[in-house]
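We did not get these values from a lab; they are worked out from the coordinates using the rules stated. Small disclaimer: the values here were computed from a predicted structure and weren't measured. FYI the Cβ positions are ideal-geometry reconstructions off the backbone, even for glycines, and counts take in every protein chain you see.
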């Protein structure tokens, strides 16, 4: 690629010594920056700049740099190759041209240069404004505004007394009293159930043999004891137990 | 609006405004130039800013602007953020209220749990508890009591307004938590029948 | 000397004077209280300080006092000027300010070079630039925008205050190259008719 580039560069027209920029490739931030600097030497509005002349300046610049054996970054060379191509297209007769047309490419390059130039100037104008710490100054020793957060503790009287109640309850020696609960013992149930089924020849539900009571605790106790009593009577051959299906009513009668 | 200040006044004013440490007459002369009668300008400025939001003052030969002392409350604003008392603090407060005056060791004995240093601090910050001397026992521990602010906050005329143990018992507040909880569960279960 | 300022003027004046950062109308209302018509007072104060050694300015909805620019020569002495920004950083800042929000790739497209790692860091460290979310395009690139501190530092009341913004817009110089190219083609086509 290098050899090829050099050939292209040698074709580039000579530019008067005075028009040449100082050869310091580090001074530019990339090829577009260099192109913009070269464009500014044309001293015309960027909208009217001659892209062909600009391309020639760029190629000449890179060529000079080559001659001086300066190391040239790859992106400068890529740009040089592209511009050399653009130049040849611009010089070719119109009808032999392909898409995109060289005019379009040249116009796009011009638009890019305009945009970079606009931002460069905008940056300069921004920096020229009255800046804090350079042109205008803030108060040297402001006292500062402070918001001091002050906790405002809240609690309700209920919180207080219930907390105290809980402490007392927690720390008081606990006395456990087993409450009296009415139960039907297994012995009672055996005697009771045997006597009741003996008096009735038909099947009856286990429920129907339980005592009538309002006390749900006693009722549950009686049910449990009577069930076990029924099983015991069946084991002794004194009673029969039947159930039509799962969870159906348990039927009992004397054997 | 005031009449337009002269250039000399503007210069001294700006220098004082931007200064970090205050400026002596000498400093000011060096800053704004010898042509300006700094002392006279300082008089004018002191007069101009008297009665405004900030004023020009001299402290140990250094001149500077400072905000008017009567507006200090604007610079340091207190914002109250309400916050509920923690459980530990509530319990501690309750013990002090029921047993005062009471030492820290006694509070811990009643609570059955140690109290952290911050707990009493919070109660004192709230203004509900105050140190009330020392107990004349070995070690002379500090004892704590409640304050009038405490009574006021909780809507109590005096200490006797606090419900007694009998009242607490009647209200079910002395039932151990577990027992109270069980009673509640049983009730619910029966309600389902 | 001016007539005595009202208490509302004094309060706002003191708050602005004491504050380390610019204050919004909202900040001021919170500081001086809801009873004060802060906007009206700001007008009075801005009028009062116009032409004095320091003045009241609005920057991105934040108000602060700063010295009059024409007195810079007095105050600049013995002060550290802000660090001079590199050309890369200056251009990058301009691109962000005039195009925001803008992605790194878009900045690079305008400048024709990659942004070196430090450039955006310097601008963000200065507090002038901040990441402003992501663009919902493939790759979801981070986008950058300027901050209120940027406006404050460069003495801009708001974004529309950017120097030459309207001209750049009118000339299409803030449009991407593709858009500008298409616009030009259209114009030419119409002109040919």
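With neighbours defined as other Cβ atoms within 10 Å of a residue's Cβ, the residues B:93, A:83, C:173 order from fewest to most as C:173, A:83, B:93. Peptide B:77-90 has a mean of 5 when you count, residue by residue, the C-beta atoms of other protein chains within 10 Å of its C-beta. Panel note: the C-alpha atoms of chain B, placed on their principal axes, show extents of 99, 55, 29 Å (largest first). Region A:224-251 and region C:153-193 have Cα centres separated by 99 Å. Size of region A:26-126 from its Cα atoms: along the principal axes, largest to smallest, the extents are 46, 34, 21 Å.
When N is the residue count of region A:88-165, what does its C-alpha Rg come to as a fraction of 2.2 N^0.38 Å? The partial results should precede the final answer.
Numbers: Rg = 35.1 Å, N = 78, 2.2 N^0.38 = 11.5 Å.
Region A:88-165 yields a ratio of 3.05.
The distance from the alpha carbon centre of region A:46-84 to that of region B:84-119 is 86 Å, rounded to a whole number. Its Cα gyration tensor gives region A:114-255 an equivalent ellipsoid; the semi-axes, largest first and in whole Å, are 93, 32, 11. A simple packing score, the average count of other Cβ atoms within 10 Å per residue, orders the peptides C:131-144, C:31-44 as C:31-44, C:131-144, with the highest score first.
Tally the DSSP beta bridges in the protein assembly as shown and give the antiparallel ones as a percent, rounded to 5.
Details: 32 of 42 bridges.
Taking every DSSP beta bridge within the protein assembly as shown, about 75 percent pair in antiparallel fashion.
Volume per residue of the convex hull around the Cα atoms, evaluated for region B:65-150, comes out as 150 Å³.
What would the Debye equation give as log₁₀ I(q)/I(0) for the protein assembly as shown at q = 0.11 Å⁻¹, counting only Cα atoms as equal point scatterers? The Cα Debye sum returns log10 ratios of -1.13.
Put in order of Cβ neighbour count within 10 Å, fewest first, the listed residues B:150, A:227, A:247 become A:247, A:227, B:150. Convex hull volume of the C-alpha atoms in region B:1-115, normalised per residue: 203 Å³.
Exposure proxy for B:128, A:82, C:128, A:28: other Cβ atoms within 10 Å of each Cβ, ordered fewest to most, give A:82, A:28, C:128, B:128. From the gyration tensor of the Cα coordinates in region C:127-193, what semi-axes in whole Å does the equivalent ellipsoid have, largest first, with each one equal to sqrt(5λ)? Output for region C:127-193: semi-axes of 31, 20, 6 Å. When you work out D = kT/(6 pi eta Rh) for region B:7-73 at 25 °C and 0.890 mPa s, using the Kirkwood radius from C-alpha pairs as Rh and the Stokes-Einstein form, the result is 205 µm²/s.
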